[in-house]
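Take a look at the structure below.
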């Protein structure tokens with residue numbers, strides 16, 4: 001190569017790289033780094049694809065969870081209204097019947113109102129949508 005400078009250009013034109021052991025090692029290290037970066041880039045793309053899929057699945061899950069919460073909230077509300085109706089409409093009538101001497105075998109127990117609130121699954125815009133669904 002020192003005697004014929006055209007030799008390097010001729011070799012490169014044929015797809016051959018002339019190298020000493022030291023330059024060959026440096027060249028192979030550069031190629032290995034390049035392959036490593038390609039693998040990292042491919043892995044990053046794959047992680048991104050899975051992250052987007054997970055994000056979509058979580059969004060859908062939170063929507064379903066909000067619907068369940070809304071239904072639970074309405075169920076609790078309906079239960080409490082039913083207990084209120086029982087207390088205001090049925091129990092007074094049974095008391096009157098007992099006053100007239102008509103008694104059953106046991107006293108009728110009054111169910112307790114449910115005082116628990118349904119908790120929202122998220123905060124921020126998702127929580128606002130969940131709250132709207134609960135109302």
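The values are calculated or read from the model by the stated rules, or taken from the named source; none is laboratory data. As the structure is a prediction and not an experimental result, all values here were calculated from the model. FYI the Cβ positions are ideal-geometry reconstructions off the backbone, even for glycines, and counts take in every protein chain you see.
Listing for the model above:
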read-out: Residue within segment 98-110 that is in a helix (DSSP H, G or I), modelled with pLDDT under 90 and either closer than 30 Å to residue 17 by Cβ or out of contact with any strand residue (DSSP E or B) (no Cβ under 6 Å at 6 or more places or on another chain) (or both) present; value: yes
read-out: Some residue of segment 27-49 being in a helix (DSSP H, G or I), modelled with pLDDT of 90 or more and under 22 Å from residue 116 (Cβ atoms); value: no
read-out: For residue 67: the one exception among (1) touching a residue at least 24 places away in the same chain (Cβ under 8 Å); (2) over 19 Å from the mean Cα position of the chain (by Cα); value: (2)
read-out: Pairs where the first residue, in segment 35-61, is on the phi < 0 side of the Ramachandran plot and surrounded by 10 or more Cβ atoms within 10 Å (Cβ to Cβ) and the second is part of a helix (DSSP H, G or I) and at pLDDT below 95, C-beta under 9 Å, 6+ apart; value: 59/126
read-out: Candidates 88, 75, filtered to the one that is at pLDDT 90 or above and either closer than 30 Å to residue 121 by Cβ or surrounded by 10 or more Cβ atoms within 10 Å (Cβ to Cβ) (or both); value: 75
read-out: Pairs with Cβ under 6 Å, 6+ apart, first in segment 73-84 and in contact (Cβ under 8 Å) with a residue 12 or more places away in the chain, second surrounded by 15 or more Cβ atoms within 10 Å (Cβ to Cβ); value: 73/118; 73/134
read-out: Conditions (1) surrounded by 10 or more Cβ atoms within 10 Å (Cβ to Cβ); (2) farther than 30 Å from residue 1 by Cα: number failed by residue 104; value: (1)
read-out: Boolean, residue 110 is over 30 Å from residue 121 (Cβ atoms) and in contact with a helix residue (DSSP H, G or I) (Cβ under 9 Å, 6 or more places away or on another chain); value: yes
